[in-house]
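Here's the structure we're looking at; comments come further down.
The values are calculated or read from the model by the stated rules, or taken from the named source; none is laboratory data. Source: prediction; values computed, not measured. Cβ placement follows ideal geometry from the backbone for every residue including glycine, while neighbour counts extend to all protein chains displayed. The accessibility values were calculated without ligands, DNA or RNA, using every heavy atom of the protein model including side chains. Shrake-Rupley method; radii C 1.70, N 1.55, O 1.52, S 1.80 Å.
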Amino acid sequence: MITCNNVQKAFGKNQVLQGIDLDFRESGRITAILGPNGSGKTTLIKSILGMVLPEQGSITVNEQPVRKQWAYRSAIDYLPQIARFPENLTVSELMSMIKDIRPGASRDQELINRFGLKPFLRKRLGNLSGGTKQKVNITLAMMYDSPILIFDEPTSGLDPVAMQTLKALIQEEKERGKLILVTTHIMQFVEEVADEIVFLLEGKTYFRGPIQALKDRVGVDDLEAAIAGILREHPIVVASPDTTRRISANPIRRKIPGLLTSFKKA
Amino acid sequence: MWKILKYSTYDLLRSRWAYLYLGFFLLFTAGFLYLTGDVGKVVISLMNVILILCPLIATMFGIMYHYNSREFTELLLAQPIRRTSIFWGQFLGLAIALSTSLVLGIGIPFLLYGITHDPAIWQFMILLLNGVVLTFIFSGLAFWIGLRNDNRIRGFGLAILLWLVMAVLYDGVFLLCLIVFREYPLDSFSLFATVFNPVDLSRIMILLKLDISALMGYTGAVFQKFFGNGWGILLSTLSLLAWIAIPVAGIRYTALRKDF
Amino acid sequence: MLGSLILLAATAVVGRTWVINPVAGKAVLAKAVTKADTGDTLLINYGQYYEYGIVIDKPLTIIGIDFPEIDGQDQGEIMTVIAHHVTVEGLHFKNVGVSYLKDHSGLRIKRRSNAVVRNNKFSNTFFGIYLERVTNALVTGNEIVGVPRDEASSGNGIHAWHCEELQIEHNRVTGHRDGIYFEFVNNSTIAHNQSFGNRRYGLHFMFSDNDVYHHNKFAENGAGVAVMFSKFIDMRHNIFFHNWGRASYGLLLKEIYDATIEDNAFRQNTIAINIEGSTRITYRRNEFSRNGWAIKMAGGCLDNEITQNNFRSNTLDLVLNSHVNNNTFSGNYWSEYTGYDLDKDGVGDVPHRPVKLFSYILDRTPEAIALLRSFFVRLMNFSEKVSPAFTPANVLDHQPHMQPFNYDHLQ
C-alpha cells in the first residue's frame, strides 16, 4: 500500500535520507521503524504524509503518487510525535473541530471510553497533563479507522495502564487488517508488538526483516543488545550544525545528546 | 479553508490578548468621546493610535500565533486538507479576529454616542476601514515571515524590523528625501511615496477626510486632487490590495515548498 | 397734483415731513427729494419702489417704515448722497447689479460729512454702502447680504475710501468680497460688527492709520481680518472663528507698525495670525485655541512682544522664518509645555521652546506637510525637544505659565 522509491532528502548539508527503497504491502502487519536519532525515521514518515517534500525519488500510497497531493491522506491515521493543541479549546471542542475539518470519524466515543477521557472533555487543553494530552492525541489519530496507521513515538508520557490500552488497541487494529507503522525508542514495546522491523542508519535502510532475523544476524538474543551491537560497528556521526535549525523547534529533539549517549551505552 | 478560518477566529477571539486589545480600544475610544465629545477630534486621536498600533499588534500577534500553533499546524498537515487552505485559513482567522476586536472596540462607543446620525460617520468609517486593511496587511506579512523562518528569534526580529521600517523609518527616509531634494518639484514624489506605503496612505486618506486637511496647503491640494479622481482612488485601492495580495501569494508560495 | 405725497406738518424750524407711498410706474422717491426742502423728513411707507439713481442733494432725513423695498432691478446705483447731514434709515436696498467698470452700490455717500446710515437692509447690492471722501459718518445696525459670487465679481459690504472719523457699528455683513473695506481711512472705529461668509476678508485695512476695531466677530471668511500697510491700529476683544481653508487665516498682518492686539479670541483658524513684516506689535491676553498655526511670522518682524496669551491645542504654536529674533515671548500659557514648577509660583522653572522641529522643517520644505501627524514626526519633535539642535535657540519663553489664563469672557 505504501512504496518508497529511492527517496532522498537533505536539510541543508545534512543528507537525512540517502535513497530509501521500501514497500509496505502486507496489511495486518506491524512494522517498527528504528534507528538512532537523526537516522531519518520521522523524516521518512513525514515524507509519506507529504509534510516533508523529498528532493529525489517517489512515494506512492495506494498506487497514487503523493507529491503535491492531499486527498490520499484520508487513507492514513497519523499520530504525531508530540501534539500541541490550541490552548483555549476544550477537549470536546477540539474533537468536534477535527471531526468538522475531516469528516468520517467513527470511533471517537469508543476511544474516549477506553482511555477514560470523559472527565476531561470539558477541560481546556492548556490545563491538561502531558499524558492526558497524549491520550487525546491518540484518540484523535485513531478515530477515523483508516486502513493505514502511522504512530510516531506513541508511548511518550503514557502511564502503564494507558500503555496497556494502547498495546491492545494496536493489536486489535492489526487483527482488523490494517497496515501499521510505528517508531519508538522502547525496545520492549517493539518486541511485544512488531512483526518486523526496519532499521534506518545514516539515511539508508540498514536492515529489514523480522526481529529474530536481526538478533540472529548480530548473534545476541536481546533486541536492545543487537541494536547496540550494530551501533558499535557504525559510530554515529554527530549531527552537523545545519540540522540545528530543524531541531531547535522540537522539544524532544533537544534531548538528542543525552539520548545518543544512552543509545551508545546500551 | 473556511473551517480552518472559523476555528482560528474562534480560538483567537477567546484568547485573553483579543480581550485585552478589545478592552484597550473600548476604553480609549469611550474615554476620548466622553472627555471631548467632538467626533473629529476623537477620530484624529484614534488615527494616531490606529496607524501605530494596528500594524504593530497585527505583526506581533501574527508572528506569535504562527509559532504557537506550529505543532497543531503539523497535526492539520497530516489530515487530508490542502496546505494553502490551512495557512490561508489561519491567516484570515487571525486577521478577522484582530479586526473584530478593533471594530467592536471602536464601534461600540461610537454607536452608543450616536454616530449613525452624525455627519462625521464617513470619517469614522474610513478610519475603521483603514484600521482593518492595515490589520490584514501586517498580519499577512507577519505570517509569511513566520512561515519562512523556523527560528523564532529571527522571525520575531524580522517582524519587528518590518514594522519599524514601514511605520517609522520609511517616513524618516521620505522626509530626508524631501529636505535633500527640496530644489526640485516634489509633488509626484510625495504622492508616490505615500501611495507606496500602506501606513502613509491610510494616514493621508483619513486626514483628507478631516478638517485638518486644510493645514496641508498646496501639497494637500495636490493630494486632494489625486485622491479625488478615479485614477487616484483606483491606484490607492490597488496599492492596498497589492499589499494584502503579496503576503497571501507569499504564504502560498512558501507553504507549498516547505518541509514541516 | 402729487397724489402720493402728503404733507403732514410744516414748521419752519424742524422742517416738514412727507409721507410717500409707491405708485406703479412712477419714480416717486426721486420726485419727493426734488420736492422737499433742506431739513425735511421723508417717511416712506412699505411697498415696492422700482427706482435707481436717486440723488440726495440736500440735508434730509429719510426714514423707511417696515423696510420699503427700493429695487434697482440690476440697472445701477440706487441712492447717492451728495449733501451734508443726511440720515438714511429703515430702507431695504435691492438688486444693484454687477458692474465691472463702476463700483455701483446700494447707497453711496460722496465728499460730504455728518451722514447717518442706520438700520437699513441691503440685499444683492454689489457694493452695500460706499463712503467716498466722507468725514464723520455713523453707519450702524445695517444688515448687508450679498449674493455669493467669485471674488472678482463681488463688491464689498461697507467700502470706505479716503475717510476720517467713521463709526461703523453693529452691522452684519455677509456674502461679499470684503465685509468691511478701509482704504486711507483714519481715526475711525469699527465695533460690534459681525462679518461672516465673505469671499476674501471679513475686514480689510489698506493704508489706514489710527483706527480701532473691537468686539467684532469674524467667522467663515476667506480670511478674517487683513491689516496691510497701516500704523497704530488697535485690535481688541474680537473673535476670529473658523476662518478655515487652504489659504485662510484669522488675521493677516502685512507691513504694519505699532499695533496692539489684545483680548482677542482665535479659534479654529487655519492660521490664527499670519504676519509678513510687522514691527512693534503687542500681542497680549489673546486666546489661541485649536488653530492649525497660532502665529506664523515671516519677513522682518522686529520688536514684537507676545505675552500672557493662551496657546491651547494648536497643531503648531509658532513658526518663525527669520534668523534674527528680537521678539519677546514671555509669560504665556502653552498647552505643549511639559516643564515643572517646583517653587509653586505658577511659572514653569524651565523655559519653553514654542518652535517645533517639524515647523522649522515645514518652513524650509513645505512639501514635508505630507508627513503631518505621522509617528516619525512625533518622534522627531520629541527628540528635538529633549535636546534641541535645529530650532532657533533664542526663541524661548522664560516664564511659561503653568495654568491657562481664564479668558472665558472672550466668548
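What strands (runs of 3 or more DSSP E) lie completely within region C:61-170 and have 2 or more residues being open to solvent by 10 Å² or more (accessible area, probe 1.4 Å) and more than 25 Å from C:Asp211 (Cβ to Cβ)?
Counting at least 2 such residues, we get C:61-64, C:69-71, C:92-94, C:121-123.
Among the residues of region C:196-214, write down those that are surrounded by fewer than 17 Cβ atoms within 10 Å (Cβ to Cβ), assigned to a loop (DSSP other than H, G, I, E, B) and of a type outside the set (S, T, N, Q).
The answer is C:Phe207, and nothing else.
Being surrounded by fewer than 17 Cβ atoms within 10 Å (Cβ to Cβ), out of contact with any Phe, Trp or Tyr (no Cβ under 6 Å at 6 or more places or on another chain) and either charged (D, E, K, R) or in contact (Cβ under 8 Å) with a residue 24 or more places away in the chain (or both) narrows it down to one of B:Ile233, B:Ile160, B:Ile212, so name that one.
On inspection, the qualifying residue turns out to be B:Ile160.
Step by step: first the residues of region A:50-75, then only those that are within 7 Å of another protein chain (Cβ to nearest Cβ) and surrounded by 13 or more Cβ atoms within 10 Å (Cβ to Cβ), then the one that is farthest from the chain's Cα centre (by Cα). Which residue is that?
A:Trp70
Just checking, does region B:144-156 include any residue being more than 17 Å from B:Thr254 (Cβ to Cβ), surrounded by 24 or more Cβ atoms within 10 Å (Cβ to Cβ) and either touching a residue at least 60 places away in the same chain (Cβ under 8 Å) or over 19 Å from the mean Cα position of the chain (by Cα) (or both)?
Scanning region B:144-156 turns up no residue that is more than 17 Å from B:Thr254 (Cβ to Cβ), surrounded by 24 or more Cβ atoms within 10 Å (Cβ to Cβ) and either touching a residue at least 60 places away in the same chain (Cβ under 8 Å) or over 19 Å from the mean Cα position of the chain (by Cα) (or both).
Which one of these is open to solvent by 10 Å² or more (accessible area, probe 1.4 Å) and touching a helix residue (DSSP H, G or I) at 6+ places or on another chain (Cβ under 6 Å): C:Leu357, C:Leu342, C:Leu371?
From the options C:Leu357, C:Leu342, C:Leu371, the qualifying one is C:Leu357.
Residue check, A:Gln109 against (1) assigned to a helix (DSSP H, G or I); (2) under 21 Å from B:Phe87 (Cα atoms), all met but one. Which one?
Condition not satisfied by A:Gln109: (2).
For region B:54-86, name all the residues that are among the aromatic types (Phe, Trp, Tyr) and more than 13 Å from chain A (Cβ to nearest Cβ). Step through it out loud before you land on a result.
The first filter runs over region B:54-86 and keeps only residues among the aromatic types (Phe, Trp, Tyr), leaving B:61, B:65, B:67, B:72.
Passing the criteria: only B:Phe61.
Can you name every residue in region A:187-207 that is open to solvent by 50 Å² or more (accessible area, probe 1.4 Å) and touching a helix residue (DSSP H, G or I) at 6+ places or on another chain (Cβ under 9 Å)?
A:Gln188, A:Glu191, A:Glu192, A:Tyr206
Please return the ranges of helices (runs of 4 or more DSSP H) entirely within region B:1-100 where 2 or more residues are closer than 30 Å to C:Asn291 by Cα and open to solvent by 10 Å² or more (accessible area, probe 1.4 Å).
B:16-36, B:39-68
Quick check: is even one residue across region A:80-92 within 30 Å of A:Glu202 (Cα to Cα), buried (at least 22 other Cβ atoms within 10 Å of the Cβ) and within 14 Å of chain B (Cβ to nearest Cβ)?
yes
Looking at this structure, is B:Asp187 of a type in the set (Asp, Glu), surrounded by 15 or more Cβ atoms within 10 Å (Cβ to Cβ), on the phi < 0 side of the Ramachandran plot and modelled with pLDDT under 90?
yes
Provide a single number: the residues in region C:304-342 that are of a type in the set (D, E, K, R) and at pLDDT below 90.
Matching residues across region C:304-342 total 1.
Between a first residue in region B:1-27 that is more than 8 Å from chain A (Cβ to nearest Cβ) and a second residue that is open to solvent by 100 Å² or more (accessible area, probe 1.4 Å), which pairs have beta carbons less than 9 Å apart while being 6 or more apart in sequence or on different chains?
B:Met1/B:Arg82; B:Leu13/B:Tyr19
Within 11 Å of chain B (Cβ to nearest Cβ), over 31 Å from the mean Cα position of the chain (by Cα) and not aromatic (Phe, Trp, Tyr) - does that describe any residue in region C:351-359?
Scanning region C:351-359 turns up at least one residue that is within 11 Å of chain B (Cβ to nearest Cβ), over 31 Å from the mean Cα position of the chain (by Cα) and not aromatic (Phe, Trp, Tyr).
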